[in-house]
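Below is one structure; the comments refer to it alone.
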Amino acid sequence: MRGGPNVLGIVLAGGEGKRLMPLTADRAKPAVTFGGTYRLVDFVLSNLVNGGMMRICVLTQYKSHSLDRHITTTWRMSSLLGNYVTPVPAQQRLGPRWYLGSADAILQSLNLVYDEQPDYIVVFGADHVYRMDPRQMLTQHIESGAGVTVAGIRVPRAEASAFGVIQPAPDGIRVGNFLEKPADPPGLPDAPDKVFASMGNYIFTTKTLIDALQQDAEIEDSVHDMGGSILPMLTEQGVAHVYDFDGNHVPGETPRDHGYWRDVGTLDAYYEAHMDLIADQPVFNLDNRKWPIYTHSGQLAPAKFVAGGIASESIVSPGCVIRGQVTRSVLSPGVVVEEGAVVQGSVLHDNVHVGRGAVVRGAVLDKNVDVPAGAAIGINAQRDQELYTVSKGGVIALGKGQQVL
């Protein structure tokens, strides 16, 4: 942000993503494909870069090869201007151990902060789907004089048990209390049926973050987590403020997709977020050219429809060849659907091949899965349960290159 405050971006991308198995069996969660051509990490990086925050460190740890490769080959900034997006693996600077939690990850990477000497540090998660202008949150943080500002999104009280919940103080600005996945939290004063769920996005004044990390490191029974340790500590000190995501507006948004945010940490949430993309007036519009989501998916020919192949209410990426029928689905680059094949309500990753006469319904197929001619997925529920991963909501998932029986 040339001419503005000195800001360093830190993206937390070290999680295992166990609830997204088998999609995370061979890669970190932020590297999982989303929306055809994107990776999950592209959403947070696009938000930061569109917001003028051009120095970004992505902290990685588990199965990070594909994530590191995607960042280094896609997110190349102008070194002439001192800008960069760089993956930072676990460095074990404080001893021979991996990260103990998200707070410990930053503690072990404080050399990045000391090198850049920023005034403010933006700490965002790497695996949510949304658009956000971080400059608006930063402006509130600076004007309020807070030590930390945490982004909150209004969700129904009935869903509170899935999130960390922020209880605003009586002034409506400071965080009064932070509840981790509460069963029955109080509603908001102006909306009793809703609560503020933490989005996992924070902006810190640099000294506040360093002091909090160092204090937390001395607490033996701490979980060393940003939401579970650092935020409650700063809440108790009275320096934590809440930012209402509903007040954030990005260029090119529509009333329908304003305020959209999805935690795609489970197969069901991942699948449902894809279904949000495919309507004529989608709940989340990928085609916002005033606030684009950046990525790179290779140099491929345009999608081709031949031999009577058709697709409706679907996203079809470059390099696809459609000879069969595709409805309400999202296809990544290089997918081939042969004659007589039917793909319905499914998400197919790179280079999936659906053979002649095969049927795929309600499934997520990771890259390089080959569905043989005449095979069926999503037809026989009992057989699918025996052979594949099936979510609570009934989404069938096959891992990278998994054999279809």
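The values are calculated or read from the model by the stated rules, or taken from the named source; none is laboratory data. Note that the structure is predicted; figures quoted are calculated from it, not measured. Positions of Cβ are backbone-derived with ideal geometry, glycine not excepted, and every protein chain shown enters the neighbour counts. What goes into the accessible areas is simple: the full protein's heavy atoms, side chains included, and nothing from ligands, DNA or RNA. Shrake-Rupley method; radii C 1.70, N 1.55, O 1.52, S 1.80 Å.
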Does HIS249 meet the test of being free of Cβ contacts under 8 Å to residues at least 24 places away in the same chain, part of a loop (DSSP other than H, G, I, E, B) and either surrounded by fewer than 14 Cβ atoms within 10 Å (Cβ to Cβ) or more than 18 Å from the chain's Cα centre (by Cα) (or both)?
no
Here is a check on your reading of the model: is TYR99 aromatic (Phe, Trp, Tyr) and under 26 Å from THR33 (Cα atoms)? yes
Review point. Restricting attention to region 207-221, does a residue exist that is touching a residue at least 12 places away in the same chain (Cβ under 8 Å) and not in a helix (DSSP H, G or I)?
Key: no
Going by the conditions given, is GLY259 at positive phi and buried (at least 17 other Cβ atoms within 10 Å of the Cβ)? yes
* To do: For region 55-64, state whether one or more residues are within 30 Å of GLU313 (Cβ to Cβ) and modelled with pLDDT under 95.
  => no
Selection from region 82-96 of residues of a type in the set (A, V, I, L, M, F, W, C) and at pLDDT below 85 yields ALA90, LEU94
Filtering region 363-396 down to residues that are open to solvent by 10 Å² or more (accessible area, probe 1.4 Å), closer than 19 Å to VAL316 by Cα and free of Cβ contacts under 8 Å to residues at least 60 places away in the same chain yields ASN368, ASP370
Over region 179-191, the set of residues open to solvent by 30 Å² or more (accessible area, probe 1.4 Å) and more than 16 Å from ASP244 (Cβ to Cβ) is LEU179, GLU180, LYS181, ALA183, ASP184, PRO186
Residue count, region 289-324, condition farther than 24 Å from ASP68 by Cβ and of a type in the set (Phe, Trp, Tyr), comes to 2
- Message: Can you confirm whether LYS207 is more than 20 Å from ASN177 (Cα to Cα) and over 19 Å from the mean Cα position of the chain (by Cα)?
- Response: yes
Notebook entry, point to check: Is it the case that GLN403 is at pLDDT below 95 and either under 25 Å from THR266 (Cβ atoms) or among the aliphatic types (A, V, I, L, M) (or both)?
Noted result: yes
Subset of region 131-142, residues open to solvent by less than 30 Å² (accessible area, probe 1.4 Å) and either over 19 Å from the mean Cα position of the chain (by Cα) or modelled with pLDDT under 95 (or both), comes to LEU138, HIS141
* Asked: Do we find that GLY238 is open to solvent by less than 40 Å² (accessible area, probe 1.4 Å) and closer than 30 Å to ASP190 by Cα in this structure?
  -> yes
The condition of being open to solvent by less than 50 Å² (accessible area, probe 1.4 Å) and at positive phi holds, among GLY152, GLY145, GLY172, GLY164, only for GLY172
Problem - Test for ILE293: is it in contact with a Leu (Cβ under 9 Å, 6 or more places away or on another chain), open to solvent by less than 40 Å² (accessible area, probe 1.4 Å) and more than 23 Å from SER329 (Cα to Cα) - result: no
Within region 3-49, restricting to residues that are among the hydroxyl-bearing types (Ser, Thr, Tyr) and part of a strand (DSSP E or B), the one that is most open to solvent (accessible area, probe 1.4 Å) is TYR38
Within region 152-206, residues hydrophobic (A, V, I, L, M, F, W, C), closer than 22 Å to GLY259 by Cβ and assigned to a loop (DSSP other than H, G, I, E, B) come out as PHE163, ILE173
